[in-house]
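Working notes for the structure below.
The values are calculated or read from the model by the stated rules, or taken from the named source; none is laboratory data. Predicted, not measured: the structure shown is a model, and the values here were computed from it. Neighbour counts are summed over all protein chains in view; Cβ atoms, including those assigned to glycine, are modelled from backbone coordinates with ideal geometry.
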Amino acid sequence: MRTDCTLYEFRGVWIATVYDIDWPKTKDNPEAQKQEFIELLDKIQSLNLNAVFVQVRPTSDAFYDSKINPWSAFLTGVQGKYPGYDPMKFMIEETHKRNMQFHAWLNPYRITTKGTDLSVLADNNPAKLHPEWVLSHNDALFYNPQNQEVINYVATTVFEIVSNYDVDGIHFDEYFYPYGYPPPECDCECSCGCLCTCNCICGCEYVCEDTAENRREAINNLIKTVYRVIKATKPNVEFGVSPFGVWKNKSSDVTGSNTNALEGYYDLYTDSLSWIQDGIIDYIAPQVYWETTNVDNPYETLVKWWASIVDGTKVKLYIGQNINKKETAREVDKEIEINRQYKEVKGNILFSYRDISENNEGVVEKLQRVYSEKACIRKRNKVLKI
């Protein structure tokens, strides 16, 4: 059991802007939005948290001054409309005033959450300019991860942010291929009697590009490219991903976790284990969103598994915890105490701020108990105490 103090404990919280979940609650009102964010930061700081993950690119848009992506409609109600200030510049300044870290959270592929009409997007939206980059699923649009131009575009977006803003990190969540996206129509496990819908080992006239392995490789390529761009631009800026909490179940792979859940590797085409092994992320924050008593996917089972995976690597482990669900909100303090039993776990990130603001299942009092002492964090190779 870990007995040292919480000197370097990372304590983060996600701030979702899609649908204005956490911020901003008002539209087209710069002063009101600024005041909301100040109050949000003050609340977070009062609980001794020390990092915020703000969603600054939820839908192929921007909460910052960009030459690549249009201003977000979640700021003004109209995509492409100038909000009257630079929200990310303001947010970074206010966050750093409190000696807290600011991580820019981006959704690399999502274009819309509902609707497939490109004409409603801002004229400078890359999806509108390049419809050949776009795929649709479940009445929504996203960029094709296998398109090399899409990879270059996302990497350029990251470069723009890292070059122009004093961010502490760039952060991706688990939204790569959408949940429920149809499996490849062809995969190279077909029989040689097929009508050449894939590249069968016995030979085919047609080589299919959309295979599960190619999907995973495309996402790996994005992660690797973004990591290299960040390190070539500002080496001290960290890059991390928050993948789905299960890589593979043990029933699928003996090295997987003893769980029974959707699998990020097979269902979302994300090989998060390879990112750790290849050292192309600085931290990983798996979304361990199940309660400790869950029969199929117990919280500690997954924490222990992820701890074993990062052990011996340079990749830091933060546990993504869900305080939106009642079952997990009411035991958030217990879960944090479990995290502290594993030396590989360097902290956690809570989803999301709204549940702190609304004190869902008494999370505020629970956090006050486990975060009664301030924690030190590393920022730009310095140790700061909030």
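Of note, T112 satisfies the criterion of being at pLDDT 95 or above, β-branched (V, I, T) and assigned to a loop (DSSP other than H, G, I, E, B).
Okay, residues lined up against (1) within 21 Å of Q148 (Cα to Cα); (2) free of Cβ contacts under 8 Å to residues at least 24 places away in the same chain; (3) not charged (D, E, K, R):
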{"residue": "A212", "(1), (2), (3)": "yes, no, yes"}
{"residue": "R216", "(1), (2), (3)": "yes, no, no"}
{"residue": "A232", "(1), (2), (3)": "yes, yes, yes"}
{"residue": "N236", "(1), (2), (3)": "no, no, yes"}
{"residue": "F239", "(1), (2), (3)": "yes, no, yes"}
{"residue": "G245", "(1), (2), (3)": "no, no, yes"}
{"residue": "V254", "(1), (2), (3)": "no, yes, yes"}
{"residue": "T259", "(1), (2), (3)": "no, no, yes"}
{"residue": "G264", "(1), (2), (3)": "no, no, yes"}
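Hey, can you tell me all the residues within region 320-341 that are touching a strand residue (DSSP E or B) at 6+ places or on another chain (Cβ under 8 Å) and either over 18 Å from V246 (Cβ atoms) or touching a residue at least 40 places away in the same chain (Cβ under 8 Å) (or both)? Correct list: G320, I323, N324, A329, V332, E335, I336. Exactly one residue out of G279, G256 is farther than 30 Å from V364 by Cβ and over 18 Å from the mean Cα position of the chain (by Cα), and it is G256.
The helices (runs of 4 or more DSSP H) located wholly in region 278-386 that include 2 or more residues which are in contact with an Asp or Glu (Cβ under 9 Å, 6 or more places away or on another chain) and either closer than 22 Å to L268 by Cα or of a type in the set (V, I, T) (or both) occupy 299-310, 332-339, 363-370.
Rundown of residues vs (1) charged (D, E, K, R); (2) over 21 Å from D173 (Cβ atoms); (3) surrounded by fewer than 18 Cβ atoms within 10 Å (Cβ to Cβ); (4) touching a helix residue (DSSP H, G or I) at 6+ places or on another chain (Cβ under 7 Å), yes/no style:
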{"residue": "I323", "(1), (2), (3), (4)": "no, no, no, yes"}
{"residue": "E337", "(1), (2), (3), (4)": "yes, yes, yes, yes"}
{"residue": "E344", "(1), (2), (3), (4)": "yes, yes, no, yes"}
{"residue": "I356", "(1), (2), (3), (4)": "no, no, no, yes"}
{"residue": "V363", "(1), (2), (3), (4)": "no, no, no, yes"}
{"residue": "K366", "(1), (2), (3), (4)": "yes, yes, no, yes"}
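Taking (1) crowded, with 20+ Cβ neighbours inside 10 Å; (2) modelled with pLDDT of 95 or more; (3) touching a Phe, Trp or Tyr at 6+ places or on another chain (Cβ under 7 Å) in turn, K304 satisfies each apart from (1). If I filter region 162-194 down to residues being crowded, with 16+ Cβ neighbours inside 10 Å, among the hydroxyl-bearing types (S, T, Y) and at pLDDT 95 or above, which single residue comes out as nearest to N220 (Cα to Cα)? Only one residue fits best here, namely Y177.
Set side by side, the residues P126, P108, P87, P24 differ, and just one is in contact with an Asp or Glu (Cβ under 6 Å, 6 or more places away or on another chain), surrounded by 20 or more Cβ atoms within 10 Å (Cβ to Cβ) and either without any contact (Cβ under 8 Å) to a residue 40 or more places away in the chain or not small (G, A, S) (or both), which is P24.
Annotation: A73 fulfils all but one of (1) within 18 Å of the chain's Cα centre (by Cα); (2) surrounded by 15 or more Cβ atoms within 10 Å (Cβ to Cβ); (3) closer than 30 Å to A122 by Cα; the unmet one is (1). Hey, can you tell me all the residues within region 225-259 that are surrounded by 17 or more Cβ atoms within 10 Å (Cβ to Cβ) and part of a helix (DSSP H, G or I)? Residues satisfying the conditions are T225, V226, Y227, V229, I230. A residue that is touching a strand residue (DSSP E or B) at 6+ places or on another chain (Cβ under 8 Å), among the aromatic types (F, W, Y) and at pLDDT 95 or above can be found somewhere in region 266-277.
If V56 passes every condition in (1) surrounded by fewer than 24 Cβ atoms within 10 Å (Cβ to Cβ); (2) within 21 Å of G320 (Cα to Cα); (3) not acidic (D, E) but one, which one does it miss? Answer for V56: the failing condition is (1).
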